[in-house]
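The values are calculated or read from the model by the stated rules, or taken from the named source; none is laboratory data. All values reported here derive from a predicted model rather than from experimental measurement. For neighbour counting, all protein chains shown are included, and Cβ atoms are generated from backbone atoms with ideal geometry for every residue, glycine included.
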Amino acid sequence: MTVDSKKKRYYRKNVDFFKFVEKLKLWPSRSGTLHGVKSMTIRGNTAEIITHCNETFQIFNSKNSRAARCLRNKLFFQACKTCKIPDWKLAKYSSTHVNQNYGSRL
Ligand SMILES: [Zn+2]
């Protein structure tokens, strides 16, 4: 699989946070580790995420949460080694931008 890392993709800032996470398949933990999402179960305004390293996170559909900010601004320190996030996915993520007025509404 090849991904043109120069190709930037944009998402609207006001897209549904769950859809955004579902699309990225990445989740930043509180310690600043980026995990790969294995499955995501949405239950109304909360969702349960299971990462590839078998950690479970209960998340809330909030664009203003810590995690939402992390994902938008790429505030993470390391990728989880157990999750083994492939390089192309990280490259794709690093070329993802969130913009107020421009981009996919998902
Ligand atoms: Zn992990």
Selection over the stretch 88-106 where residues are within 22 Å of Ser31 (Cβ to Cβ) and of a type outside the set (Ser, Thr, Tyr) yields a count of 2
When the stretch 24-60 is checked residue by residue, the ones that are closer than 17 Å to Phe76 by Cβ and away from the ligand (no atom under 16 Å from the Cβ) are none
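On the given criteria, is Ala91 away from the ligand (no atom under 14 Å from the Cβ), outside any loop (DSSP other than H, G, I, E, B), of a type outside the set (D, E, K, R) and within 11 Å of the chain's Cα centre (by Cα)? Spell out how you get there, then give the answer.
Details: away from the ligand (no atom under 14 Å from the Cβ): yes; outside any loop (DSSP other than H, G, I, E, B): yes; of a type outside the set (D, E, K, R): yes; within 11 Å of the chain's Cα centre (by Cα): no.
It is false that Ala91 is away from the ligand (no atom under 14 Å from the Cβ), outside any loop (DSSP other than H, G, I, E, B), of a type outside the set (D, E, K, R) and within 11 Å of the chain's Cα centre (by Cα).
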Residues of the stretch 52-79 being over 21 Å from Thr41 (Cα atoms) and either of a type in the set (Asp, Glu) or more than 13 Å from the chain's Cα centre (by Cα) (or both), in sequence order, are Phe77, Gln78
Residue hits (the stretch 39-80; modelled with pLDDT of 95 or more, exposed (fewer than 11 other Cβ atoms within 10 Å of the Cβ) and in a loop (DSSP other than H, G, I, E, B)) are Asn54
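Sort out which residues of the stretch 17-70 are charged (D, E, K, R) and touching a Leu at 6+ places or on another chain (Cβ under 8 Å), and write them in order of number.
Within the stretch 17-70, the first condition is being charged (D, E, K, R), and the residues that meet it are 19, 22-23, 25, 30, 38, 43, 48, 55, 63, 66, 69.
Correct list: Lys19, Lys23, Arg69.
Which of the residues that make up the stretch 64-89 are farther than 22 Å from Glu48 by Cβ and without any contact (Cβ under 8 Å) to a residue 40 or more places away in the chain? Explain how you work it out, then say what you get.
The initial filter retains those residues of the stretch 64-89 that are farther than 22 Å from Glu48 by Cβ, namely 73-75, 77-78, 81, 86-88.
Of everything in the stretch 64-89, those that are farther than 22 Å from Glu48 by Cβ and without any contact (Cβ under 8 Å) to a residue 40 or more places away in the chain turn out to be Asn73, Lys74, Lys81, Pro86, Asp87.
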Result of the Cβ filter at 9 Å on the stretch 38-51, keeping first residues that are under 13 Å from Glu22 (Cα atoms) and partners that are away from the ligand (no atom under 15 Å from the Cβ) and among the hydroxyl-bearing types (Ser, Thr, Tyr), at least 6 apart or interchain, is Ala47/Thr41; Glu48/Thr41; Ile49/Thr41; Ile50/Thr41
Determine if the stretch 7-22 includes at least one residue that is within 16 Å of the ligand (Cβ to nearest atom) and at negative phi.
-> yes
Note on the stretch 62-88: residues of a type in the set (Lys, Arg) and away from the ligand (no atom under 16 Å from the Cβ) are Lys63, Arg66, Arg69, Arg72, Lys74
